[in-house]
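Participant: Before anything else, here's the structure in question.
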Number of protein chains: 4
Amino acid sequence: MSWKIKQFGKKPKLKKPILIEGLPGIGNVGKVTVDFLIDELKAKKLYELFSYTFPHSVFVNENNLVELPKIEIYYKKMKKGSDLVFLAGDVQPIDEVSCYEFSEEILDILEKYKGAEIITLGGIGLQEVPKKPKVYCTGNNKKIIKKYKKGTKIDENIYGVVGPIVGVSGLLLGLADKKNISAISLLAETYGHPMYLGVKGAREILKILNKKTGLNVRLEDLDKEIKDLEKEMMKKTEELQEVSRKTAMKKLKGKIGEGEMSYIG
Amino acid sequence: MSWKIKQFGKKPKLKKPILIEGLPGIGNVGKVTVDFLIDELKAKKLYELFSYTFPHSVFVNENNLVELPKIEIYYKKMKKGSDLVFLAGDVQPIDEVSCYEFSEEILDILEKYKGAEIITLGGIGLQEVPKKPKVYCTGNNKKIIKKYKKGTKIDENIYGVVGPIVGVSGLLLGLADKKNISAISLLAETYGHPMYLGVKGAREILKILNKKTGLNVRLEDLDKEIKDLEKEMMKKTEELQEVSRKTAMKKLKGKIGEGEMSYIG
Amino acid sequence: MSWKIKQFGKKPKLKKPILIEGLPGIGNVGKVTVDFLIDELKAKKLYELFSYTFPHSVFVNENNLVELPKIEIYYKKMKKGSDLVFLAGDVQPIDEVSCYEFSEEILDILEKYKGAEIITLGGIGLQEVPKKPKVYCTGNNKKIIKKYKKGTKIDENIYGVVGPIVGVSGLLLGLADKKNISAISLLAETYGHPMYLGVKGAREILKILNKKTGLNVRLEDLDKEIKDLEKEMMKKTEELQEVSRKTAMKKLKGKIGEGEMSYIG
Amino acid sequence: MSWKIKQFGKKPKLKKPILIEGLPGIGNVGKVTVDFLIDELKAKKLYELFSYTFPHSVFVNENNLVELPKIEIYYKKMKKGSDLVFLAGDVQPIDEVSCYEFSEEILDILEKYKGAEIITLGGIGLQEVPKKPKVYCTGNNKKIIKKYKKGTKIDENIYGVVGPIVGVSGLLLGLADKKNISAISLLAETYGHPMYLGVKGAREILKILNKKTGLNVRLEDLDKEIKDLEKEMMKKTEELQEVSRKTAMKKLKGKIGEGEMSYIG
């Protein structure tokens, strides 16, 4: 199926934009980072993407109103260097084929704006909470890795540290390569527990983005905002888990024996 | 795929109809409510919907005959206020995409009748049987929530109480919003056990619908009918579970070791 | 996708044919019965059906050669009464949509031959081996049930005994109803264990078919052949289970901890 | 969906080519064998196949760069007898339908080169490490089995030893039969543990291929290279498992109780 894309405002002129992706994933490290940046930089909404290949549910927001799952694209014009484009959202497409199609769609949009580069963000799930999360990187060419390593503590020796990179964060890198767009993935260590929010990992990634893309977000703001973020993200995480819990429950129902009593009241 | 829709009788003229949805879900709260209303109000069947994206099985009814799974639309003309349209059925579409397509189909039908409003019904599964089930609501705008809260005990502070609303009950709200149709979901507490029938929750919802839509169904009738309903619904619930049990069994077969003896007789 | 149908020999003229279905299912009761009948009656192969929606594997046969999964249609001209058409095979289509499409395809074929009736066969899985399996029936109208009950011990009080009838055996009844073709399902009790072959149940169904369709198969032959049948069917059953076992293993692989030693030799 | 096929270099003229398939499977026996042969024979890359029905992830290679999953076709011109074509890759298509479509695509390519024969390679998973792995075979006709048995220790009595052959290794045999292309499958015993690499089984298969296809690969080379192969393959195996682990984790998340504490740092 094709994607429903809604544009907000006029098409901006963007200067060699860099796409920064932060969809849900391990520890929601990418999502925490990008949602914070959109807020902090007061980035402008450009597109809303919607598809029947999103989970078939609605979220209840803080105003007690429902919202369909959506993925959004924001942009922020920068004084110096490349403008920034952010890919944020509540969900990832539900299956393999739609995940590929979605990633292609994003690359098509980026090409229209003559996108220069892609940075995808994610987490590496450890068995315990990391004291000081390391940030690893991989990319679709050596040059972009060299560029981002310069002056930062990113570790490029990722081979053997992570397995395959699943979902949009991985596919954007692989598919961008076919279009000769440089792409890098920054992956911060985080605790692999499904309820754990990788805010500490997000902070490490922000430091790097600050240095390399001229963001200049104040980390003090981040520290203040973390408390709120925690609450809201915690909520979202639980909601996302609720979906799988319900699906799991449906599947489990069939395994409950006939001997069980049922109560009707 | 497209939906097979069979019309019964002539197209009625409906006065600003309100759609009330009650498909299978947690505790079957919505299904119990809407099936009861259709019976009690002697609502007329308008459409039967069928699709290959329904479960691939047939039900055996009380006459020992088989029936394909189906979803039906009934209507009831009201003396005062909006006419009522009911969405009832044995099943929900099997996957994400068909669930979205089905919900769009229902909205298209509703738009043809210049539908004014949508009420979806469901349950909130608790860890134990609620003594007096509370009814929560969420909607796609503040106005409809205000309207239904007035004079009732509906609790609108649902954020944090439920996770995402999965399936048709949720999607109808989200997709209606794109068409500027007001929609609300009434969710009654019920016991989350898969064998539990949420009749008590349904009764609380009926009280609210009685008051707000001029239904005037006699709750004494409900109390009398509950015994029968229980039996029939119990049966249906077991049948629905049988489907998942069989599917689960199929999957389990592969895990049974080679060492197991088999008996052929 | 469409079905690949290969015809064998010339199109025969069939006299009000009755379709008897026996695809894999609980205890393979239907499959055992129909495979035996095809053999015993020396029924002629008419069609071979194949589809990409069959399991993606090949079976190894007794000649150590591979065979793609297939479903076949045979026919037997009868001296008196309706001719018989048999639906036999190794597999059922893999999912809901393809199961519906396949059943429609079969009905289309049957209509071309002016098919008069459908009998689907299956098993009802009990917790233990039944001493003398009962045969239950359900159908898409009362008349066909009456016809088959006359002079036999079929029990029509099946409501509450079985849940939904899943797969082709069920769908053929439901979909035939839309085309005004009478259809009945004969379901014999059998042991619900995945490794158990429902030969005893099949024998009870054969007695009924013998009486009602003028088959005249000698049950003594059946008793002699059972030993061979057992071996072959046992084999097939194990192979079918192997498929799910492999699928299950694939899924389990992901759950095996990193701590496990691996040996490379 | 259709397959994206990228050709490398000019279309070669091939002499009655034999296709040798070695995609991932039990113990990766086929993959180990074919990857080794491509290396050892310095086979030339002819095609790269890509599809949205591959797993939606990228692999990190030894250079710390990402690679999309891909399947490749190589060829090697032989001085005597048939030229060889190799089917190698990281993955198999994700589901039944795409697995059939992929196999048809491969057969179409082979027919363009007037392919004479197909050899698919795989493993038979045992409960323990085999001391000296036996090689079994099955095929789509007796003649090819006879040809490959001559002068080798291949055991053709495979009926009852293996269940269905799942995936491309099996389908290529079944579908080739419809096109009158002879095809055989060589299956070496290996340990069924998901972390075990079937290098010993691969060695047995190589001996047979050496003798029957005039490969003349030096087994001493194999023995030297095994150490490196082990490391690299081990890595790939772990990565493939990582994908299923992540998928499994996603599914498990829903089962984690509400009582669990979550830590946010």
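Participant: I'd like the FRET efficiency for A:D221 and A:K153, computed as 1/(1 + (r/R0)^6) with the beta carbon distance as r and R0 of 22 Å, rounded to 0.05.
Facilitator: Taking R0 as 22 Å, the efficiency between A:D221 and A:K153 is 0.50.
Participant: If each of A:E67 and C:N63 carries a label point 7 Å out from its Cα toward its Cβ, how far apart are those two points in nm?
Facilitator: About 6.4 nm separates the two model spin labels.
Participant: With the Cα gyration tensor of region C:14-253 giving a ≥ b ≥ c as the square roots of its eigenvalues, does the rule (a/c under 1.5 for rounded; else a/b larger than b/c for prolate; else oblate) give rounded, prolate or oblate?
Facilitator: Rounded, since a/c falls under 1.5.
Participant: Tell me, B:R203, B:R218 in order of fewest to most beta-carbon neighbours within 10 Å? If you can, show how the numbers build up before the last one.
Facilitator: Details: B:R203 20, B:R218 11.
Going from sparsest to densest Cβ surroundings: B:R218, B:R203.
Participant: Collect residues whose amide H, placed 1.01 Å from N in the peptide plane, falls under 5 Å from the amide H of D:D155; neighbours closer than 5 in sequence don't count.
Facilitator: Correct list: D:V135, D:Y136, D:C137.
Participant: Still on this structure: Take C:K4, project a point 7 Å from its Cα along the Cβ direction, then tell me which residues of region D:159-191 have their backbone nitrogen under 13 Å from it.
Facilitator: Output list for this probe position: D:171-181.
Participant: Taking A:K42 in one copy and the same position in all the others, each labelled 7 Å out along Cα→Cβ, what are the pairwise distances from the first, in nm, shortest first?
Facilitator: Here the equivalent label points are 6.5, 6.5, 9.2 nm apart from this one.
Participant: Ok, one more. Could you line up A:S82, A:S185, A:S103, D:S182 from fewest to most neighbouring Cβ atoms inside 10 Å?
Facilitator: If I rank by nearby Cβ atoms, fewest first, I get A:S82, D:S182, A:S103, A:S185.
Participant: Suppose every Lys and Arg Cβ carries +1 and every Asp and Glu Cβ carries -1, with no other charges. What dipole size does region B:82-212 come out with about its Cα centre, to the nearest 20 debye?
Facilitator: Dipole of region B:82-212, to the nearest 20 debye: 1100 debye.
Participant: Please report how far the C-alpha centroid of region D:138-199 lies from that of region A:112-144, rounded to the nearest whole angstrom.
Facilitator: Each part's Cα centre sits 43 Å from the other's.
Participant: Taking θ as phi - 60°, what are the ³J(HN,Hα) couplings along region C:140-152 by the Karplus curve (6.51, -1.76, 1.60), each to the nearest whole Hz, with x for Gly and Pro?
Facilitator: Computed from phi, the couplings for region C:140-152 are 9, 7, 6, 5, 5, 5, 4, 4, 7, 6, 4, x, 10 Hz.
Participant: Now a separate question. Quick check for me: using +1 on Lys/Arg Cβ and -1 on Asp/Glu Cβ, what's the dipole size of region C:14-253 about its Cα centre, in debye to the nearest 20?
Facilitator: Once rounded to the nearest 20, the dipole reads 1060 debye.
Participant: So, one more: To make sure I understand, if each residue's beta carbon is the centre and we count other beta carbons within 10 Å, what order do A:L186, A:L126 fall in, fewest to most?
Facilitator: The order, fewest Cβ neighbours first, is A:L126, A:L186.
Participant: Taking a 28 Å limit on the Cα-Cα distance, which of the listed pairs C:K70/D:K207; D:K112/D:K147; B:K112/B:K200 fall beyond it?
Facilitator: Going by Cα-Cα distance, C:K70/D:K207; B:K112/B:K200 fall outside the 28 Å limit.
Participant: Ok, one more. How many nm separate the modelled label positions at D:Q127 and C:K134, each set 7 Å beyond the Cα in the direction of the Cβ?
Facilitator: That separation, rounded to one decimal, is 4.0 nm.
Participant: What pairs from C:K13/C:K150; B:K10/B:K76; C:K114/C:K153; C:K15/C:K80 go past 21 Å between their alpha carbons?
Facilitator: C:K13/C:K150; C:K114/C:K153
Participant: Starting from the amide H of C:L126, placed 1.01 Å from N in the peptide plane, find each other amide H under 5 Å away whose residue is 5 or more places distant or on another chain.
Facilitator: The list, which skips near neighbours in sequence, is C:T190, C:Y191, C:G192.
Participant: Okay, next question. What is the sum of charges around B:E156, taking Lys and Arg as +1, Asp and Glu as -1, for the other residues whose C-beta is under 10 Å from the C-beta of B:E156?
Facilitator: Neighbour charge sum, excluding B:E156 itself: +2.
Participant: So what are the ³J(HN,Hα) numbers for region B:157-173, from phi and the Karplus equation (6.51, -1.76, 1.60; θ = phi - 60°), rounded to whole Hz, Gly and Pro as x?
Facilitator: 7, 8, 4, x, 8, 10, x, x, 9, 8, x, 4, 4, x, 4, 4, 5
Every read-out reported here was derived from the displayed coordinates using simple, explicitly stated rules and does not represent laboratory data. Keep in mind that what you see is a predicted model, and the values were worked out from it rather than measured. Neighbour counts are summed over all protein chains in view; Cβ atoms, including those assigned to glycine, are modelled from backbone coordinates with ideal geometry.
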